[in-house]
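In what follows, a structure is listed as structure tokens, so that the remarks can point back to it.
The values are calculated or read from the model by the stated rules, or taken from the named source; none is laboratory data. Remember, predicted model here, so these are calculated numbers, not experimental data. Reconstructed Cβ throughout: ideal geometry from the backbone, glycine too, with neighbour counts over all protein chains shown. The accessibility values were calculated without ligands, DNA or RNA, using every heavy atom of the protein model including side chains. Shrake-Rupley method; radii C 1.70, N 1.55, O 1.52, S 1.80 Å.
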Amino acid sequence: MTRRISKTKQFIMMNPIIQFFKFIYLSLKVLVIVAGGHGGTR
Amino acid sequence: MSKIVILGAGISGHVAASHLRRKLAKEHQVVVVSPNSSYQWIPSNIWVGIGRMQPEQTKFPLKPLYKKKGIEFKQAKVTTFHPEGDAETEAPFVTIEYVAEKAGQTEKVTYDYLINATGPKLNFEATEGLKPGTNGVYSVCTYSHADHSWKALEQAIAKMKKGVKQKIVIGTGHAKATCQGAAFEYILNVEQELRRHKVRDMAEITWLSNEYQLGDFGMDGMLLSYGSNILKSAEMVEMIFEDRGIKWILGAGVTKIEAGLAHYENLDGEYKTEPFDFAMLIPSFSGHGFKAYDKKGVDITDKLFKGFMLVDADYTPKPYEEWKVQDWPETYQNPHYENIFAPGIAFAPPHGISKPRKSKNGTDITPAPPRTGMPSGITAKLVADNLIDKIKGKHKTLHHKGSMGNMGAACIASAGFGITKGSGVSITTYPIVPDFEKYPDSHGRKLGQTFGDIGLAGHWLKLALHYAFLYKAKMKPFWWLIPE
Ligand SMILES: Cc1cc2nc3c(=O)[nH]c(=O)nc-3n(C[C@H](O)[C@H](O)[C@H](O)COP(=O)(O)OP(=O)(O)OC[C@H]3O[C@@H](n4cnc5c(N)ncnc54)[C@H](O)[C@@H]3O)c2cc1C
């Protein structure tokens, strides 16, 4: 195994408090994609 | 009164049926024909395949729900299409063959509108020896396959606990397979489970895929916003695989599986083998091989199908450099019969998304274009909305449009299960099919809306989606507020 994700980054990725806010952010981001709608291209 | 017949009760068929039923008056008939007795949330198969979810948690029976909501359900499979009727039947119809209770009985089901949402045929036969449960190779494409896969993985874990090293191979089982995302989720979940069982050092894990580069996912790869950086999906996946000690073999078209041995041809034209103790390889997807006949009984299959169902796409063969988003369908209407539609995986794509590649021997080794849950749901809803407007007389033309070249998708790939130890790779893309004219500097996609993230929040999001989409599928109060 080659460490490619630093310990600090790992901590951020797995810290429940930081990740709680990330969860809200990601949910909103996904909603923006959905709300962005869809349409034709022609 | 109109009669709408929907073939298939997967993501797209069920989405179409539920919206049609909600918005159309009871005088209009909504009929669903599907061989499965249950609705299943396929994305959670990954967790069934590692023993962290029971199949029952991913499915529910359709019959009672449809009865309650006024949707007619026929547990059967469609066999032939007759879009002009026949000598005895004036109206267009499909022939169905019942399974379960009425097994073997056939019926002509007439319709005013037909929605073909039969998804893909899991074409295990296209690769010799790939049949799940034989030769040490498994699948997670259905809940029963995934459950079977877990039983085999559990045995491999038990062997590792006894000190026997195991070789695990996960990826694609055909040169033109798609759905790399599901295999990607599975390999990361398996890797995390081995750590949880404290046997990670006893296993060699290898990604075996028909992709030219890691992170291609059948979507030609992506350029992603990742934190404050811009990263290629290939770099992101490489980082994850290296960090987790996963090896990879790319450009591999698996040709044959023998007990514990995968035979493949690579892009250099070499014929190689990869041994394994446990493997999960996604098969190629194909059309179901349906036949269609005109009023006189003449075979008109090529008016309806090109493998999958023909829709309003531009199927003119052209080289990769000339592919355009405009080639992709917008209304999913069959060009020959205006009352037939095919959303989700059931429609024939105009071409791939990933750049086609051939081996030195001339074998095509390229991922087929994926159609994930979100576009399957969106295309089904827009087909339903067009029919609703048409039936209610609001619009004569199909004004709801949704090309995959003008639609975003969120792919939340599980990277390990657990409320505090889980992880997910969240990727969003806009548009799904790259638009190189609109976004020439960012590989055809809009940066910002095409982004990646890794962490525990991704797992929570995937779990939240599991519960939200099952709630929606069960048509519980205000289900329609949850987007597709
Ligand atoms: C393991 C796995 C994990 C996945 N994970 C994700 C994910 O995380 N996110 C995501 O967005 N997508 C994911 N996908 C993709 C997603 O599941 C598909 O995009 C989606 O299921 C396609 O919906 P569909 O309705 O077009 O086809 P299907 O869901 O395949 O439904 C087809 C329906 O047609 C029925 N049918 C078949 N033959 C006949 C016949 N002859 N007559 C009548 N009915 C018939 C079937 O029984 C079924 O009900 C995953 C796929 C797999 C295999």
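General observations
- Using a simple spin-label model with pseudo-atoms 7 Å out from Cα toward Cβ, residue B:134 and residue B:421 lie 3.7 nm apart.
- Formal net charge of residues neighbouring residue B:379 (Cβ-Cβ distance under 15 Å; K, R +1; D, E -1): -1
- Partner chain coverage, peptide B:431-437 - average Cβ within 10 angstrom: 1
- The overall shape of the range B:346-484 is oblate: from the C-alpha gyration tensor, with semi-axes ordered a ≥ b ≥ c, the ratio a/c is 1.5 or greater and a/b is no larger than b/c.
- For chain B, with all protein chains in place and a probe radius of 1.4 Å, 53% of the accessible heavy-atom surface sits on carbon or sulfur.
- Take the Cα of residue B:89, go 7 Å toward its beta carbon, and the backbone nitrogen atoms of the range B:335-350 under 17 Å from that spot belong to B:339-341.
- Taken across both chains, chains B and A shield about 3100 Å² of accessible surface from a 1.4 Å probe.
- Phi-derived couplings, Karplus 6.51 cos²θ - 1.76 cosθ + 1.60 at θ = phi - 60°, listed residue by residue for the range B:124-130: 4, 5, 5, 10, 4, x, 8 Hz, with x used for Gly and Pro.
- Overall form of the range B:273-358 per C-alpha gyration tensor (a/c, 1.5; a/b vs b/c): oblate
- Accessible area of the range B:210-324 divided out per residue, in Å², using a probe of 1.4 angstrom: 44 Å²
- Förster radius 45 Å - calculated FRET efficiency between residue B:320 and residue B:394 (Cβ-Cβ, nearest 0.05): 0.65
- Reciprocal mean inverse distance between Cα atoms of the range B:168-324 - Kirkwood radius, Å: 18.1 Å
- Distance between modelled label sites at residue A:15 and residue B:301, nm, 7 Å Cα→Cβ extension: 6.0 nm
- Using a Förster distance of 41 Å, the FRET efficiency for residue B:56-residue B:107 (Cβ separation, nearest 0.05): 0.85
- Shielding by partners for peptide B:456-464, expressed as the average number of C-beta atoms from other protein chains within 10 Å of each residue's C-beta, is 5.
- Under 28 Å of direct C-alpha separation, and excluding same-chain neighbours fewer than eight residues apart, residue B:159 reaches these lysines: B:131, B:151, B:167, B:198, B:247, B:256, B:272, B:421.
- FRET efficiency for residue B:125 and residue B:26, using Cβ-Cβ distance with R0 set to 45 Å, rounded to 0.05: 0.55
- For the range B:247-260, putting each phi into the Karplus relation 6.51 cos²θ - 1.76 cosθ + 1.60 with θ = phi - 60° gives couplings of 8, 9, 10, 10, x, 9, x, 5, 10, 6, 10, 10, 3, x Hz, in residue order, rounded to whole numbers and with x for Gly and Pro.
- Spacing of the modelled spin labels on residue B:294 and residue B:468, each 7 Å from Cα toward Cβ, amounts to 4.8 nm.
- For peptide B:231-244, the mean count of partner chain Cβ atoms within 10 Å of a residue's Cβ comes to 2.
- Accessible area of the range B:45-120 divided out per residue, in Å², using a probe of 1.4 angstrom: 45 Å²
- Net length available on complete extension from residue B:449 to residue B:476 is 6.6 nm, with 0.36 nm assigned per residue and the Cα-Cα distance removed.
- For residue B:390, the lysines whose Cα comes closer than 23 Å to its Cα, not counting residues fewer than 8 places off in the same chain, are B:3, B:23, B:26, B:69, B:381, B:401.
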